[in-house]
Every structure is written in structure tokens, then in C-alpha cells.
Amino acid sequence: MGDAVTVDKDGPKIRPEMMETERIYHCIYKGVALLFFVDEQRFLNCYEIDEPGLVEKIKECGDIEKALAEYGTSAGPQ
């Protein structure tokens, strides 16, 4: 069985039927982090993150939820 989100030379391939509800899936494509999740109503939601610092943190960490939480804490109000 394959992954719910993969990337090849043609871009991201998304298989929502393989996704767990409310779990965030991600990939990095052309320097942008793409986030995907299926909500409780089975709608596919997609978000694009192009902020270089956060994209790099996602690449380093590999755990999208942890990377978002850490970045949110460090980039929060001063």
C-alpha cells in the first residue's frame, strides 16, 4: 500500500481515500510546503506555506504538527 501524499517530477499526487480524518499530511514541492487533510465531512483541505523559515523547519523535523507548533511558539507575539 502506498502513501496518501507523494511527489514526483510532475508534482504532488494526493490520494484522499487513504487519509485518516483530521490528520495533517504534507509534502515539499518546489520550495513550498503543501499541507493536506480530510475533515470530518470528508472534504479535502489544502494549504500552501511559502515562508522559508517554516518550510525549512518542516524539512528538518519531518513531523509536520511538531514543526508547526514549534514555529508558532517561536514566531508568536513578542
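The values are calculated or read from the model by the stated rules, or taken from the named source; none is laboratory data. Note that the structure is a prediction, hence the values are computed from the model and not measured. Note: ideal-geometry Cβ built from the backbone for every residue, glycine included; neighbour counts use all protein chains shown. Remember, those area values only see protein heavy atoms, side chains included, never the ligands or the DNA or RNA. Shrake-Rupley method; radii C 1.70, N 1.55, O 1.52, S 1.80 Å.
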Solvent accessible area, Å² - residue 73, 1.4 Å probe, full protein context: 120
Leading residue at positive end of dipole, the chain (Cβ point charges), from 24, 71, 5: 5
Nearest-ten-degree value, helix 52-61 long axis tilted from longest Cα axis of the chain: 70
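Under a point-charge model restricted to the Cβ atoms of Lys and Arg (+1) and Asp and Glu (-1), what is the dipole moment magnitude of the chain relative to its Cα centre, in debye to the nearest 20?
180
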Tilt relative to the chain, helix 64-74 - C-alpha long axis, 0 to 90 degrees, to 10: 20
Sparse-neighbour loop sites [GluC sites (Glu not before Pro); the chain; at most 10 other C-beta within 10 Å; DSSP]: 20, 22, 40
Label assignment, Rg and Dmax of the Cα atoms in Å derived from the structure, set (i) 13.0, 41; (ii) 11.4, 36; (iii) 13.1, 45: (iii)
